[in-house]
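Notes to accompany the following structure.
The values are calculated or read from the model by the stated rules, or taken from the named source; none is laboratory data. What you see is a predicted model, and the numbers here were worked out from it, not measured in a lab. Here the Cβ positions follow ideal geometry from the backbone for every residue, glycine too, while neighbour counts run over all protein chains shown.
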Amino acid sequence: MKARPYLIALVLIVLVAGLLVVFRTPGGDPAKQQETSPQAAVEAGAGAGDAYYPTDGNSGYDVTLYDLAITYDPGSKKLDGVASVTATASADLARFNLDLEGLKVSEVKVAGQPAKFVQEGDHELVITPAAPLAKGKPFTAVITYGGQPTTIDDASLGRSGWQISSTGGAFAAGQPHSATTWFPANDTPRDKAALKVAARVPDGWTAISNGLEGPATRDGGWTTFTWSEETPLATYLATVAIDKFEVVRSKLPNGTPVVDAYAPGTSAAKKPIQSQGPEVLAYLETKFGPYPQRAAGSIWVADQIGFSLETQTRPIYAAWADLETVVHENAHQWFGDSVSIENWADICLNECLASYAQWLWLEHEGTDLDQRYRDQVEQRRERSSFWAPKLYDMGRGNEFRGVYDKGLMGMHALRKQVGDDVFFKALQSWLVKHRDSNASWPEFEEHFKQASGQPLDPFFKAWFRDSGIPDDQYLLPVGVRR
Ligand SMILES: [Zn+2]
């Protein structure tokens, strides 16, 4: 994610004012959560265990595929969906939860049999199958649902989830929450799954989603667009965008299909920027290793939304996005999408590295990064607000405070501390080790300690775990000194 520049300033003002930033009220009142939390192996509970968002996601099962059939009418703004969620029970389950926000469920079947269900709190869908599910066995839950999808208004990030564009179209995007506004999901980055989307829209509209494009079919004034993303993705990286897009198809040199979609009203300046996408990916491959996705491209909306987002294979770009944004969101295809965070406290694994990719691109274009780094250290030395945010375990609501700028500088300092060769080799072996999976910040520290043979604990503490400016020995590693 890359926030709209003024929003970062706004967030800082809000924080300086001492206001408590609350991302979202957890589902249900505390008593109800007690009631639905895991009491025994037979009752999978609300919440996958993230310390910042305890009711997000669910325990007791592992999703392998979301197979979605949705119909969306931009005229009525109504969505109707049937979601087939295939999962494996990780315990014997008498009941389990999915997360769905603002849409009403009309029917649930599990293993082909009608199941009981109840919608509780903000986003808990509690399902009781006709017969308990056996540990280790796959099952499919088919959920029929519909309504007018909701937008989540977030105190620090603006709007996320289902959003209506000025063109009359709609798109789903946001972090940490978005998927639950258009399909029932196990809404935690820890449970990555494949995604298939069949999106039916009135003729003249186009639906773009993640992954590979399948055939489109027409029936009585409607067109169904099909998309398939086999590489498992975290739920917040799933998207569908509906608009009267101009769609441009091409291929990367190795044959990877590229789909770029431009909403009506997108500035003519954006196409030349996006046309550099393949060059950006080719350059990032020289630093991070092979592009880890099966497809590529972009979705350009014409609105000044608060962020651009690394939706898997096909980032969503706001009207303000520029080439640096394209570099940032494509870098996330390695850092965030292929290797996903274990907890929201680990967000620097995504944002510090995607932001550092912007500097790598500048270096590619001839910028002396060491000089730039020294200049920025001097400019910011006395600015305590710049150094205040923690980059690891920063606390709920603070995830996106320091990771873009202080985090970027921390990555350059790490590179200079361990040397170019170790830095890039370690990044590549990290990406290979955790591909299509999840990893945590403490694991990243361990990985670099092993790769470098250096006792990096004090360095990581000074830069990433502590608040405040690092001591000069860590701020100016030998490699960056004049
Ligand atoms: Zn980002």
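So which helices (runs of 4 or more DSSP H) are wholly in the range 269-345 and hold at least 3 residues that are at pLDDT 95 or above and more than 16 Å from the ligand (Cβ to nearest atom)?
Values: elements: 270-274, 277-288, 323-331.
The helices (runs of 4 or more DSSP H) meeting that bar are 270-274, 277-288.
Where in the range 207-250 are there strands (runs of 3 or more DSSP E), lying wholly inside it, with at least 1 residues that are polar (S, T, N, Q)? Reasoning before the result, please.
Numbers: elements: 217-219, 222-233, 240-243.
Fully inside the range 207-250 and qualifying: 217-219, 222-233.
For ARG435, the stated conditions do not hold, so it cannot be described as modelled with pLDDT under 95 and either under 19 Å from GLY336 (Cβ atoms) or surrounded by fewer than 20 Cβ atoms within 10 Å (Cβ to Cβ) (or both). When residues in the range 164-176 are screened for being surrounded by fewer than 23 Cβ atoms within 10 Å (Cβ to Cβ) and in contact with a strand residue (DSSP E or B) (Cβ under 7 Å, 6 or more places away or on another chain), 3 of them pass. Considering (1) surrounded by fewer than 19 Cβ atoms within 10 Å (Cβ to Cβ); (2) on the phi > 0 side of the Ramachandran plot; (3) touching a Lys or Arg at 6+ places or on another chain (Cβ under 8 Å); (4) of a type outside the set (Lys, Arg), the lone condition that GLY220 does not fulfil carries the number (3). Residues in the range 31-66 that are modelled with pLDDT under 90, of a type in the set (Ser, Thr, Tyr) and under 23 Å from the mean Cα position of the chain (by Cα): THR55, SER59.
When each of TYR356, TYR373 is tested for being surrounded by 16 or more Cβ atoms within 10 Å (Cβ to Cβ), within 16 Å of the ligand (Cβ to nearest atom) and not in a loop (DSSP other than H, G, I, E, B), the lone residue that passes is TYR356.
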